[in-house]
Amino acid sequence: MNPGIDRLSFYCPAYALDLRRLAEARGVDPDKYLSGLGQETMAVAPPDEDIVTMAASAALPIVEADGADDFDWILVATETGVDQSKAAATFVHGLLELPSTCSALELKQACYSATAALHMACAWVAARPDRAVLIVASDIARYELCNPGEPTQGAGAVAMRITARPRVLEIDPFRGVHADDVFDFWRPNYREEALVDGQYSTRMYLAALTAAWERYGAASGLDWTAFRRQCFHLPFTRMAEKAMLHLQRTARWPSEGFRDRIADGLAYNRHTGNTYAASLYESLTCLLETAAEDLAGARVGLFSYGSGCTAEFFSGVVRPGYREVLRAEAHRRQLADRVALDYRQYEDIVRLPLPKDGGEHVFAQYRTGPFRFAGLSQHKRVYERL
Ligand code: CAA
């Protein structure tokens with residue numbers, strides 16, 4: 001058996017904006033967002049929710065189910081860092097009361113870093129089969145108001161327990177990568193919002209997909225017939241369709257049945273928007289939790305893309321009995337029970353600046369999960385468990 005994902009847990013903020021409201025405010029045909037981008041609602045993080053509270057909220061059910069004693073690492077993958085030095089993983093470590101023998105580390109390479117964390121964790125547990133690693137991918141996607149990227153914004157986190165005898169997905173030991181130095185999407189340290197060359201970024205994503213796929217094929221000896229399902233990094237869910245069409249053109253993937261291979265992995269992302277590092281793993285969670293078919297034994301192709309860029313095609317095989325450890329009903333309820341914002345409320349939230357003066361700041365309480373970002377005191381972030 002190969003090491004892999006033993007548990008998966010997803011969290012998104014309790015507020016959402018229907019993209020029909022955004023289309024109305026921007027004077028755009030709503031079908032551009034709903035059909036053209038494949039997005040319906042975006043998750044909006046209130047001021048007292050950040051990538052730390054989302055990460056802790058995603059990971060808590062895993063810690064409650066299996067305990068934390070066997071974790072050697074907590075790896076937090078994010079491009080929404082909250083501090084230039086102190087890793088977000090240390091805050092999450094504290095909130096989850098992880099043992100002091102569990103090391104904490106933050107990883108960054110745009111939306112790709114959770115995939116690097118996954119391979120590092122698999123190698124770690126392969127050498128120590130009685131140990132485990134906790135990975136949490138957590139991000140808030142933000143562009144400037146009125147930017148073409150605005151309808152793809154989102155927020156969310158996915159936590160994964162990695163073990164040598166996984167109950168959800170074994171990760172295959174081969175991969176195909178593509179890395180280059182490009183400016184398709186980036187966020188300088190002095191900016192709250194990302195900068196993006198949108199159409200160029202989409203071309204970079206597709207070019208990296210072909211290159212990574214070709215190298216995956218050479219490394220594994222497998223072709224498209226090996227996969228029953230396919231999950232992609234989803235900056236917007238129509239990207240999966242673009243990716244499949246691109247593989248048909250560049251790598252002779254078949255056109256027949258291609259929608260069936262991607263369809264079950266899209267619903268969660270369609271309702272959260274882009275969750276950057278978490279996006280691919282949110283799509284995988286969605287596939288495993290919503291597919292009517294029992295996927296035990298099925299090989300799933302996975303494509304991870306981080307702008308800048310590093311991309312990777314890899315794969316995993318679904319374990320028998322995987323459904324017993326999923327949290328499908330909790331995730332369905334979380335998405336269904338969100339507070340619908342009107343356009344004005346959305347704009348008020350995104351315009352609220354984070355204080356930068358080192359004084360005492362107590363934040364108003366919004367609806368969050370089990371943790372909240374309560375304020376700032378002498379340049380220190382203050383979190384609380386509710
Ligand atoms: N009804 C139906 N469809 C419509 C429509 C209407 N009334 N109006 C337009 N459309 C369609 C368009 O035809 C287009 O579809 P095709 O791509 O099939 O042609 C689609 O809606 C989008 O329209 P545009 O291309 O004109 O949209 P845009 O230029 O305003 O913005 C975007 C699109 C570039 C993706 C923009 O949302 C953006 O910059 N997003 C952020 C960057 C991003 O997501 N990049 C993806 C790759 S990089 C990556 O993956 C990393 C990451 O996470 C950021």
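All of the numbers you see were taken from the coordinates with simple rules; none came from a lab. Keep in mind the model is a prediction, meaning the values are calculated, not measured. Positions of Cβ are backbone-derived with ideal geometry, glycine not excepted, and every protein chain shown enters the neighbour counts.
Listed values, structure above:
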{"quantity": "Boolean, Glu282 is touching a helix residue (DSSP H, G or I) at 6+ places or on another chain (Cβ under 7 Å), closer than 17 Å to Ala157 by Cβ, touching a residue at least 24 places away in the same chain (Cβ under 8 Å) and within 15 Å of the ligand (Cβ to nearest atom)", "calculated": "yes"}
{"quantity": "Odd one out for Ser138 among (1) more than 13 Å from the ligand (Cβ to nearest atom); (2) touching a residue at least 40 places away in the same chain (Cβ under 8 Å); (3) touching a Lys or Arg at 6+ places or on another chain (Cβ under 9 Å)", "calculated": "(3)"}
{"quantity": "Residue ID - farthest from the chain's Cα centre (by Cα), chosen from residues in the range 88-122 that are closer than 20 Å to Glu192 by Cβ and among the hydrophobic types (A, V, I, L, M, F, W, C)", "calculated": "Phe91"}
{"quantity": "Within the range 14-97, strands (runs of 3 or more DSSP E) holding 2 or more residues that are away from the ligand (no atom under 16 Å from the Cβ) and crowded, with 24+ Cβ neighbours inside 10 Å", "calculated": "71-77"}
{"quantity": "Qualifying positions in the range 367-386 - more than 23 Å from the chain's Cα centre (by Cα) and among the small types (Gly, Ala, Ser)", "calculated": "Ala374, Gly375, Ser377"}
{"quantity": "Qualifying strands (runs of 3 or more DSSP E) (wholly inside the range 270-366; at least 1 residues being under 15 Å from the mean Cα position of the chain (by Cα) and closer than 23 Å to Phe174 by Cα)", "calculated": "299-306, 310-318"}
{"quantity": "Boolean, Arg249 is without any contact (Cβ under 8 Å) to a residue 40 or more places away in the chain and either within 15 Å of the ligand (Cβ to nearest atom) or touching a strand residue (DSSP E or B) at 6+ places or on another chain (Cβ under 7 Å) (or both)", "calculated": "yes"}
{"quantity": "Test result for Val125, away from the ligand (no atom under 16 Å from the Cβ), in a helix (DSSP H, G or I) and touching a Ser or Thr at 6+ places or on another chain (Cβ under 7 Å)", "calculated": "yes"}
{"quantity": "The range 348-375 residues that are at negative phi, paired with ones that are part of a strand (DSSP E or B) and among the acidic types (Asp, Glu) (beta carbon under 9 Å, 6 or more apart)", "calculated": "Phe371/Glu384; Arg372/Glu384; Phe373/Glu384; Ala374/Glu384"}
{"quantity": "Any chance Thr225 is without any contact (Cβ under 8 Å) to a residue 40 or more places away in the chain and either of a type in the set (Ser, Thr, Tyr) or assigned to a loop (DSSP other than H, G, I, E, B) (or both)", "calculated": "yes"}
{"quantity": "Any chance Pro148 is more than 13 Å from the chain's Cα centre (by Cα) and either on the phi > 0 side of the Ramachandran plot or within 16 Å of the ligand (Cβ to nearest atom) (or both)", "calculated": "yes"}
{"quantity": "Matching residues in the range 228-241 - criterion: being within 15 Å of the ligand (Cβ to nearest atom) and in a strand (DSSP E or B)", "calculated": "Cys231, Phe232"}
{"quantity": "Matching residues in the range 151-171 - criterion: being under 20 Å from the mean Cα position of the chain (by Cα), over 24 Å from Val52 (Cβ atoms) and charged (D, E, K, R)", "calculated": "Glu170"}
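Table: residues versus (1) within 10 Å of the ligand (Cβ to nearest atom); (2) out of contact with any strand residue (DSSP E or B) (no Cβ under 7 Å at 6 or more places or on another chain); (3) under 23 Å from Gln230 (Cα atoms).
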| site | (1), (2), (3) |
| --- | --- |
| Ala164 | no, yes, no |
| Leu169 | no, no, yes |
| Ala179 | no, no, yes |
| Glu193 | no, yes, no |
| Gln199 | yes, yes, no |
| Ala207 | no, yes, yes |
| Ala211 | no, no, yes |
